[in-house]
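Following: one structure in structure tokens, then a few remarks.
The values are calculated or read from the model by the stated rules, or taken from the named source; none is laboratory data. Note that the structure is predicted; figures quoted are calculated from it, not measured. When we count neighbours, we look across all protein chains shown, and the Cβ atoms used for this are built from the backbone with ideal geometry, even at glycine.
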Amino acid sequence: MIDIALIGFGYWGPNVARNIHANPNLNLHTICDIKQARLEKAKSIYIAQTCYETDYKKLFENDEIQAIAIAVETNGHYHLVKEALLAGKHVYVEKPFTSTVKEAKELETLAKELNLIIHVDHIMIFHPIIQKIKYLMDNGELGDILFIDAMRMNLGQIKKDVSAMWDLAVHDLSIIDFLMDGKEPFYINSVGEKYYNPKESLCFLTMRYEGFISHIQSSWISPLKERKLIVAGAKKMVVFDDMKISEKLMVYDKGVNVISGDNIEYADYVVKTRDGDVWMPYVPQQDALYNSINHFRECIESNKQSISNPRQAIRLLKILETADKNMNK
């Protein structure tokens, strides 16, 4: 049983607490938040099953606590993760990992020196449907990847510390990184607008990779809530629509066939589109956040790196920093 404490019980913290509490191999030792009203809310849920604290430093001084989960605003991640590591605690931290690549690299080095685990909650790579798409790709079902499109939009929650791209596109960047085994883009460009916010509330991110291109749309000001991913392969194409109640993952046996030979008529063109069956593979229902937290636990117990480790986070942060520099150029 691993004793873990949570810092932050605001927007996302209650979800983290719930999934830690649901894991039979984890003990939600303490919930910490600077706002007493949030702690009162936590107490109404967990009563005497856990401890409550307003001073996060007391968590680092407690030898019973082996790991810290951090669910606060991004600008607080660096200092909290660093203090937790120096106190000898393994760290689970929400995305984005840090505000800069420089901060992320420093924390990565520190964790290695202290032989501690950092798990960044790139939650979507623990989603069973993303795992299924990865399985289909690795088994050659889709063929060579041509493009990956992602759309993540909603009306709110508008944040002040990061842009919509840093808040939303990071999910899709982590998916692309996972599906393509860490491949990095050689071209990055972005456009965005700062509506109702000091940072961009609407962003369009375009990237070129060796062999394929990708486009990611992120918005806090859309009338529709969209969570959609299209992965187009030369053999088959998949669509993951997370907003659907059923039929979330569809595989399309569609593509393009190149016509070859000496007697090709103009009317036949050089290529022809191909329409085939559409099918919905079976994917067991699982909670991605629970899977993420459980993976963190397994990494601690086996002393192995998380698949969403600082190195992966640094690859994503490099894209986001470059996209910021190239914004609207």
Q.
Looking at the stretch 192-207 only, could you name the residues that are part of a strand (DSSP E or B), more than 15 Å from Leu168 (Cβ to Cβ) and not hydroxyl-bearing (Ser, Thr, Tyr)?
A. Met207
**Q.** The lone exception for Ser214 - which of (1) small (Gly, Ala, Ser); (2) over 24 Å from Met180 (Cα atoms); (3) part of a strand (DSSP E or B) it fails
**A.** (2)
**Q.** Sole exception among (1) at pLDDT below 95; (2) crowded, with 21+ Cβ neighbours inside 10 Å; (3) assigned to a strand (DSSP E or B) for Val256, by number
**A.** (2)
Q: State all residues of the stretch 75-101 that are assigned to a helix (DSSP H, G or I), in contact (Cβ under 8 Å) with a residue 12 or more places away in the chain and out of contact with any strand residue (DSSP E or B) (no Cβ under 6 Å at 6 or more places or on another chain); if no residue qualifies, say none.
A: Asn75, Tyr78, Lys82, Glu83, Leu85, Leu86, Val101
Q. Can you tell me which of Ala150, Ala111, Ala104 is modelled with pLDDT of 95 or more, aliphatic (A, V, I, L, M) and part of a strand (DSSP E or B)?
A. Ala150
**Q.** Positions within the stretch 22-48 being surrounded by fewer than 17 Cβ atoms within 10 Å (Cβ to Cβ) and closer than 20 Å to Asp287 by Cβ, in sequence order
**A.** Ala22, Pro24, Asn25, Ile45, Tyr46
Q: Give the stretch 224-244 a look and list any residue that's among the basic types (Lys, Arg), surrounded by fewer than 17 Cβ atoms within 10 Å (Cβ to Cβ) and closer than 22 Å to Asn139 by Cα, or say none.
A: Lys235
